[in-house]
Amino acid sequence: MGDKQGFWSDPLAPEPKRAYRWLMYLGNSLVPQWVVKSVSKPSFTVSETEHKFLNHTFWYPGKVAWNAVEVTLVDPVTPDASLLVMDILARSGYGFPTTLNNASFTITKANATAAMGSVKIEQIGVNKDDVLDAFVLKNAWVQDAKFGDLSYESDDMVEISLTLRYDWAEITAFK
């Protein structure tokens, strides 16, 4: 009879990537790494085109669209993550309509991507310096921000949910 132990008992078996071993650089470290609670890795969708010929249907791949990335932050007192997110919005070009000068500001892609800065998700190994791969979101900007819920019945930490939109993602493998 063969050995019925799992692959994890083999000391030479490769270590799988773990969902809890990652670091995120958000906005050139504008938001500290320890504030980021969770993130969805980049994903894409390929559209399809249908072609009918006689009584057959054929499918062809179309354009690639990168899906938004969801990020959850905890909102510490210092640094105040809510203020950091609002600062990104202001540097994107948004001005509160309190004066005529502010009301004429508009958000531009150039300002929004510069305000967001570099966004990188690193999958790490057992050691922090053991980077397995890294996704970099190209031209990322904040599409949606929710500043969490408050309740007298909860002792949970306040969370901020961000949706990041980007043009494409590149991955670099280090192993």
Return the only residue of Lys128, Lys120 being charged (D, E, K, R) and loosely packed, with under 15 Cβ neighbours inside 10 Å.
Lys128
Going through the stretch 76-93 one residue at a time, which ones are within 12 Å of Val142 (Cα to Cα), out of contact with any helix residue (DSSP H, G or I) (no Cβ under 9 Å at 6 or more places or on another chain) and surrounded by fewer than 17 Cβ atoms within 10 Å (Cβ to Cβ)?
Met86
Residues of the stretch 52-94 being more than 21 Å from Asp149 (Cβ to Cβ) and charged (D, E, K, R), in sequence order, are Lys52, Lys63, Asp87, Arg91
Quick check: is even one residue across the stretch 124-131 farther than 19 Å from Val35 by Cα and either touching an Asp or Glu at 6+ places or on another chain (Cβ under 6 Å) or not in a loop (DSSP other than H, G, I, E, B) (or both)?
yes
Which residue out of Ala134, Ala115, Ala169, Ala110 is more than 21 Å from Pro42 (Cβ to Cβ) and not in a loop (DSSP other than H, G, I, E, B)?
Ala110
Complete set of residues in the stretch 1-55 that are closer than 23 Å to Val158 by Cβ, at pLDDT 85 or above and in a strand (DSSP E or B):
Trp22, Leu23, Met24, Tyr25, Leu26, Val36, Lys37, Ser38, Val39
Given the structure, is Ser151 touching a strand residue (DSSP E or B) at 6+ places or on another chain (Cβ under 6 Å), polar (S, T, N, Q) and either modelled with pLDDT of 95 or more or in a loop (DSSP other than H, G, I, E, B) (or both)?
no
From the list Asp80, Asp75, pick out the single residue that is closer than 17 Å to Val36 by Cβ and either in contact (Cβ under 8 Å) with a residue 40 or more places away in the chain or among the aliphatic types (A, V, I, L, M) (or both).
Asp75
Exception for Ala112 within (1) under 25 Å from Glu159 (Cα atoms); (2) at pLDDT below 95 falls at (2)
Give the stretch 134-157 a look and list any residue that's surrounded by 12 or more Cβ atoms within 10 Å (Cβ to Cβ) and either more than 19 Å from the chain's Cα centre (by Cα) or among the small types (Gly, Ala, Ser) (or both), or say none.
Ala134, Ala140, Ala145, Gly148
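The values are calculated or read from the model by the stated rules, or taken from the named source; none is laboratory data. Quantities reported herein were computed from a predicted structural model and do not represent experimental measurements. Every residue, glycine among them, receives a Cβ derived from its backbone with ideal geometry; neighbour counts consider all protein chains shown.
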